[in-house]
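> Below you will find the structure I want to go over with you.
Coordinate-derived values only; no laboratory data. Owing to the predicted nature of the structure, the values given are computational and were not obtained by experimental measurement. When we count neighbours, we look across all protein chains shown, and the Cβ atoms used for this are built from the backbone with ideal geometry, even at glycine.
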Amino acid sequence: MPQITIDGRPCDYDGEKKPTILQVALDNGIEVPHYCYHDGLSIAASCRICLAEVAQPNPRNDGELELIPKLLPTCQTPAVEGSEVYTQSPKAIGNQKAVMELLLINHPLDCPVCDQAGECSLQDYSYKYGRGESRFEENKIKQPKKDLGPNVLLYSDRCIMCTRCQRFTDEVTGTGEIGIFGRGSSEQIDVFPGKPLDNELSGNVIDICPVGALLDKDFLMTMRVWNLQSTPSIDGITASGDNLWLEHNDETIRRVKPRTNLDVNNWWTSDEIRYGWKFVHSPDRLTTPSIKGEGQLGSRQDVNWNDGLSAAITSLREVTDQYGSGSLAVVVSPMLACEEAYLLAKAVVALDKNATLAVGPVPTNGEDKTFPGGYTIYAEKAPNARGVRRALEQISDEVLSFDELIDNAGQVSGLVLTGNYPSDWATPAIVTFIESRFTVLLDTLPGPAYDAADVVLPSCTWAEKAGTFENVNNRLQGFEQAIAAKEFSRAEGQIALDLIHVATGEARQVYEPMTLHAEMGDAFATDILQPASPREAVSEVQYVQL
Ligand code: SF4
Ligand code: FES
């Protein structure tokens, strides 16, 4: 394997990939400061902070190492086997300090009120590579704040003109909304007149901006980032399987960011996924079990969990006693985890061994859309239709789609139905289906299905539990629990175990998805990809001793 030396440390690299010096350094855990370079964008080499002294073998001089007289941008210079790179030489350090001094000349000292504080490259590099004091005595140039689009604000005077955002809209979305206007100290990032930053991936420019110039309207002034915990998760809204960080504190999600996975979503996620989690904290969330009241249409009576579970089991038993084997069905929503589908099927089969198993309605919207940078927004708006089917097939050879169930519903007299969709999902046909048989509904939000069901057990969103989703490309990925279940709601996996406990009298078990994989079949035992991060969610901010 070819090798270069960076600051005295030998660094291997894959010669086939022809990496730059900066890529070799980062891959080998060596920090070289960089602003304009981003793994997912073309190389601009404009910020100049990554410059280093490089000695390369000269083939015209028997391969003798020769020091190149000028500093080279490590982000743009290919690694040449046998080179020696010095990022800590007096000349390289002098450049770092000069770049930092120039960048800070007009940069406002507003870190205390800037959302980026704590995760700002300019702030971090000031400590590590800056001068520590300013020699600038003139007035700083003030630039305006601008509303770039529905999700993004621009604080122009914090911009360091790295051009990442402009390259993103050119190369990844292909929409080209962001341009560079003006020259010299008047140079500014802006959108073109009448063309706001309004593409489906616009929120990613906030992540890639190395300073606090591009800010998230949704997160603006909400929280200091060092108070957030990050939990590795998976897209729980669409079939993308995008790897995410759910960032939260006080049992509340504050923002969602993409988690880099070069096999799935690269560095990006869509605005639909980034901002689609609000239903988790809807004030309308169902939190208490209830049973249909007698008398007035639509009246419901709240009950405790013991009474709710007993009412469900007693009535499902009555259905099987009256209509015989094969009269129960379970419909598992594609919003649920594989482990939950498996347990729900087990719970219903414990009551009726010939029960029908079906996958719930799979919502879609439009067609798949792939952007020039390779990111795809999928039409399928559920995270786990394939995984639910795969899990149910471990219990029965025949698993129906929801439409097949409706078409063959004649023998179904008792139903365990799951929802957990972010918005209204029960069509009039589904409501009629519920009303014409005894139905136990596990759901998160009220709606027509809630009004029609006989027993409702409140369940959890994906952020409040752990499990596995199988995405549109059949990739099984684990996700972790970020926040506690809302009030008295329970994960569908826990509700299934509680139903088994009440139905069979076996000891009550706690829902632990990892303990189920061995019995769920070969794919679940071996193919689930778990986040490579530590399970413990910790703040990533390093405190600097002043
Ligand atoms: S707004 Fe941010 S990403 Fe865009 S050029 Fe300025 S510093 Fe770079
Ligand atoms: S990171 Fe190399 S010049 Fe900007």
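> If packing is taken as the average count of other Cβ atoms within 10 Å, what order do 380-393, 316-329 fall into, highest mean first? Please report the intermediate quantities before stating the final value.
On the way: 380-393: 25.1, 316-329: 17.3.
The most tightly packed comes first, giving 380-393, 316-329.
> For a paramagnetic label modelled at 7 Å from the Cα of SER396 toward its Cβ, which residues of region 306-332 fall within the zone defined by backbone nitrogen distances under 13 Å?
325-332
> Provide the descending list of Cα extents for region 332-463 along its principal axes, expressed in whole angstroms.
51, 32, 30
> Something else now. Karplus couplings for region 159-165 from phi (6.51 cos²θ - 1.76 cosθ + 1.60, θ = phi - 60°), rounded to Hz, Gly and Pro as x?
Going residue by residue, I get 5, 10, 6, 6, 6, 4, 5 Hz, with x marking Gly and Pro.
> Give, to the nearest whole percent, the P(r) tail of region 1-143 beyond 23 angstrom, counting all Cα pairs. Provide the component values of the computation, followed by the final result.
Working: 4142 of 10153 pairs.
Here the tail beyond 23 Å accounts for 41 percent of pairs.
> May I ask you to give the average projected area over all directions of the convex hull of the Cα atoms of region 69-205, in nm² rounded to one decimal? Mind dumping the intermediate values first?
Values: hull surface 43.9 nm².
Over all viewing directions, region 69-205 projects a mean Cα-hull area of 11.0 nm².
> Another question, then. Please report, in whole Å, how far the alpha carbons of region 186-287 spread along each principal axis, starting with the longest.
Here the Cα extents, ordered largest to smallest, are 53, 33, 27 Å.
> Say the cut-off is 30 Å between C-alpha atoms; which of LYS142/LYS369; LYS91/LYS145; LYS142/LYS195; LYS353/LYS465; LYS195/LYS217; LYS353/LYS486 go over it?
Numbers: LYS142/LYS369 40 Å; LYS91/LYS145 37 Å; LYS142/LYS195 24 Å; LYS353/LYS465 28 Å; LYS195/LYS217 18 Å; LYS353/LYS486 33 Å.
Going by Cα-Cα distance, LYS142/LYS369; LYS91/LYS145; LYS353/LYS486 fall outside the 30 Å limit.
> I would also like to ask the following. Round to the nearest 0.05 the FRET efficiency obtained for ILE68 and LYS217 when R0 = 51 Å and r is the Cβ-Cβ distance.
On the way: r = 46 Å, r/R0 = 0.90.
According to the calculation, E is roughly 0.65.
> Applying a 10 Å radius around every beta-carbon, put 163-172, 248-257, 362-371, 230-239 in order of their mean neighbour count, most first. List each step's numbers first, then the result.
Values: 163-172: 21.7, 248-257: 17.3, 362-371: 13.2, 230-239: 24.4.
Most protected by this proxy first, the peptides run 230-239, 163-172, 248-257, 362-371.
> Okay, next question. To the nearest µm²/s, what D does Stokes-Einstein give for region 329-405 at 10 °C and 1.306 mPa s, using the Kirkwood radius over alpha carbon pairs as Rh? Kindly include the intermediate steps, with their values, before the conclusion.
Numbers: Rh = 13.2 Å.
Rounded, D is 120 µm²/s.
> Could I have the simple spin-label model distance between GLU101 and LYS17, label points 7 Å from Cα toward Cβ, reported in nm to one decimal?
3.7
> Can you tell me the FRET efficiency between LYS145 and SER325 if r is taken as the Cβ-Cβ distance and R0 is 56 Å, rounded to the nearest 0.05?
Numbers: r = 68 Å, r/R0 = 1.22.
Step by step, r from the Cβ atoms, then E = 0.25.
> How do 204-212, 464-472, 499-507 rank on mean C-beta neighbours within 10 Å, highest first?
Details: 204-212: 23.4, 464-472: 25.1, 499-507: 15.0.
Averaged packing, sorted descending, gives the order 464-472, 204-212, 499-507.
> Oh, and also: How fast does the chain diffuse by Stokes-Einstein, in µm²/s, taking the Kirkwood radius from C-alpha pairs at 20 °C and 1.002 mPa s?
Values: Rh = 26.3 Å.
The estimated diffusion coefficient comes to 81 µm²/s.
> Further question on the same structure: With viscosity set to 1.306 mPa s and temperature to 10 °C, compute the Stokes-Einstein D of region 25-64, Rh being the Kirkwood radius across alpha carbon pairs; µm²/s, no decimals.
Rounded, D is 127 µm²/s.
> Here is a follow-up. Can you give me the three principal axis dimensions of region 260-401 from its C-alpha atoms, in Å, biggest first?
That works out to 59, 40, 25 Å along the principal axes.
> Here's another thing I want to ask about it. Per residue of the chain, what 222 nm ellipticity follows from adding -39500 (n - 2.57) for every DSSP H run with n ≥ 4, rounded to the nearest 500?
Values: 14 runs with 123 residues, N = 546.
That calculation yields -6500 deg cm²/dmol at 222 nm.
> Also, I was wondering about something else. Would you kindly state how much longer the chain becomes between THR376 and SER134 on full extension, computed as 0.36 nm times their sequence separation minus their alpha carbon distance, in nm to one decimal? Walk me through the numbers on the way to the answer.
Numbers: separation 242, 0.36 × 242 = 87.12 nm, distance 4.56 nm.
Net length gain for the segment: 82.6 nm.
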